[in-house]
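Heads up: the structure comes next, in structure tokens.
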Amino acid sequence: MASSAVYKTYARTELAFETGEGVWLDGSDGRRYLDFGSGIAVSSLGHAHPHLVAAMKDMADKVWHTSNIFRIPEQERLADRLCAASFAERVFVTNSGTEAADAAIKTARRYHYANGAPERFRIVTVEGAFHGRTFAAIAAGGNPKYLEGFGPPLEGFDQVPFGDFEALKAAVGPATAAVMLEPIQGEGGIRPFPHDYLRAVRKLCDETGTLLILDEVQCGMGRTGKLFACEWSEVEPDIMMVAKGIGGGFPLGACLATAEVGDVMIPGTHGSTYGGNPLACAMGNAVLDVVLEPGFLEAVAGRGIVLKQALAGLVDSHPDVFETSRGEGLMQGLKCRVASGDVVAAARAEGLVTIAAGDNVVRLLPPLVVTDADIKEAVDRLDRAASSVEAQIQSGGAA
Ligand SMILES: *Cc1c(COP(=O)(O)O)cnc(C)c1O
């Protein structure tokens, strides 16, 4: 691979993409790829969506950045719309998911401080979680690989096994500020929490005065066929992080909260130079224009069912390659019996972009505007990829 000055923090594929349109990407190798990764659930409306391109050009001619020392009408509009469509009443706008996680953690700790209980600063998280790469977020995520070599991790996180409600209940004590989890773990391998687990966590939080923080950075903004994945279980958090799909490819995130919780963040407690600037928020509003259009989310849910059923069929026809499929809406995972990276590579050779995740899973996160025909094409390509992996197994080439 040609060397570059860029930090070597990613094991990159040699391929680059030069242009994109809808669910298609044009590779530097001259081939067209069907994009079922969306840049990790970011390009939620596909590439070069006409409404987003128009919004970007329109704002580019007006003003890009002014600073949060002034009112930002685009930011206020985005915040009001996110609140109107959710549990939330207050919003802090960020540039990324990990900053939304930091804002959420600070808000939760400050809430108890403001209510006379500064000793309540601990946060209970779940194994397999991913909340980003800032110091607070790697401590929250608890993945030893991401913590190694960076000195003492930020204090105050207690991690419990996935899906074990009794363990979570035992971990919530007098020093607990919040429980924080993804309704569907993304990086952890597309692992949805059962709805009754989420409801039990909500009830426990209510009974103990603990805040519930939901990380919807990956599963939110329409990905599962509801604006937020927690709507499937009818559980409302006190604080929620969103990012990834919210900007359609423009760096944008947000920490949402109820008024009671959000209002503890008084002037001076938090800030961001870029966060919520006019250009970013114009893109967020443009994404919302499309996602909140009547019928859009219902259509996503419908396509999600088509994808889910097709993947179940794929697992049946390749039992040596796939163990199972799981997920909600257009957030689906294939748990592999072979190395998931081999399946991702074989799919790419068939012109299909997918993304590996934890727990040996291949993630499928197509743009929300994917059609049933695109889904059929993607599953046909996965079928061929699985056959080529089987052929490698038979020739002893892969394990
Ligand atoms: C990607 C992700 C983050 C971090 O977002 P960045 O924009 O990469 O900082 C946090 N939480 C979840 C669930 C994610 O999938």
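Let me know the longest stretch in the chain that avoids all GluC sites (Glu not before Pro) found in a DSSP loop with at most 13 other C-beta atoms within 10 Å.
Of all site-free stretches, the longest is 235-399.
Helix-only estimate, please: 222 nm mean residue ellipticity of the chain, summing -39500 (n - 2.57) across DSSP H runs of length 4 or more and dividing by its residues, to the nearest 500.
-11500 deg cm²/dmol
What spacing in nm lies between the two simple spin-label points modelled at Leu154 and Ala349, each 7 Å away from Cα in the Cβ direction?
With each label point 7 Å from Cα toward Cβ, the separation is 4.3 nm.
Would any residue of the stretch 295-313 have its amide N under 17 Å from a label point 7 Å out along Cα→Cβ of Thr371? List them or say none.
Within reach of a label on Thr371, which here means backbone N under 17 Å from a point 7 Å along Cα→Cβ, the stretch 295-313 contributes 299-300, 302-304, 306-307.
How many percent of the accessible area of the stretch 63-291 is carbon or sulfur, using a 1.4 Å probe?
Its accessible area is 55 percent carbon and sulfur atoms.
Residues of the chain: accessible area per residue at 1.4 Å, in Å²?
44
From the phi of every residue in the stretch 294-307, what ³J(HN,Hα) in whole Hz does the Karplus formula 6.51 cos²θ - 1.76 cosθ + 1.60 yield, where θ is phi - 60° and glycine or proline is x?
x, x, 5, 5, 4, 5, 4, 4, x, 5, x, 5, 4, 5
Compute the length gained on full extension between Gln392 and Asp196: take 0.36 nm times their separation in residues and subtract their Cα-Cα distance, giving the result in nm to one decimal.
Net length gain for the segment: 66.4 nm.
Of all chymotrypsin sites (Phe, Trp or Tyr not before Pro) in the stretch 33-96, which ones are in loop regions per DSSP and have a Cβ with at most 13 other Cβ atoms within 10 Å?
Trp64, Phe70
Just the Kirkwood number for the stretch 19-145, please: inverse of mean 1/r across all distinct Cα pairs, in Å, one decimal.
Final number for the Kirkwood radius of the stretch 19-145 is 18.4 Å.
Convert each backbone phi in the stretch 208-216 into a coupling constant with the Karplus relation 6.51 cos²θ - 1.76 cosθ + 1.60 (shift: θ = phi - 60°), then list the ³J(HN,Hα) values in order as whole Hz, x for Gly and Pro.
Those phi angles translate into 10, x, 9, 7, 9, 10, 9, 9, 10 Hz.
In whole Å, what three semi-axes, largest first, describe the equivalent ellipsoid of the stretch 63-291 built from its Cα gyration tensor (square root of 5 times each eigenvalue)?
On the way: eigenvalues 139, 74, 61 Å².
Taking √(5λ) for each eigenvalue gives 26, 19, 17 Å, largest first.
Please identify every one of the chymotrypsin sites (Phe, Trp or Tyr not before Pro) in the stretch 116-198 that sits in a loop by DSSP and has no more than 12 other beta carbons within 10 Å of its own beta carbon.
Filter output for the stretch 116-198: Phe150.
With loop defined by DSSP as not H, G, I, E or B, and exposure as at most 13 other Cβ atoms within 10 Å, which is the longest segment of the chain clear of exposed trypsin sites (Lys or Arg not before Pro)? Mind showing how you got there, number by number?
Values: sites that count: Lys8, Arg12, Arg31, Lys62, Arg71.
With a cap of 13 other Cβ atoms within 10 Å, the longest stretch comes to 72-399.
Non-local amide H neighbours of Gly248 (under 5 Å, H modeled in plane, Pro and chain starts lacking H): which ones?
Ser44
Magnitude of the Cβ-charge dipole of the chain, K/R +1 and D/E -1, about the Cα centre, nearest 20 debye?
Roughly 520 debye, rounded to the nearest 20.
Just tell me which lysines come within less than 22 Å, Cα to Cα, of Lys335; anything on the same chain fewer than 8 places away is out.
Lys145, Lys308, Lys376
Could you give me the ³J(HN,Hα) list for the stretch 179-196, computed from phi with Karplus coefficients 6.51, -1.76, 1.60 and θ = phi - 60°, whole Hz, x at Gly and Pro?
9, 10, 7, 8, x, 10, 5, x, 4, x, x, 6, 10, x, 7, x, 4, 6
The values are calculated or read from the model by the stated rules, or taken from the named source; none is laboratory data. Model, not experiment: these values are computed from the prediction. Cβ coordinates were reconstructed from backbone atoms using ideal geometry, including for glycine residues, and neighbour counts include every protein chain displayed. Surface areas here come from the heavy atoms of the whole protein model, side chains and all, with no ligands, DNA or RNA. Shrake-Rupley method; radii C 1.70, N 1.55, O 1.52, S 1.80 Å.
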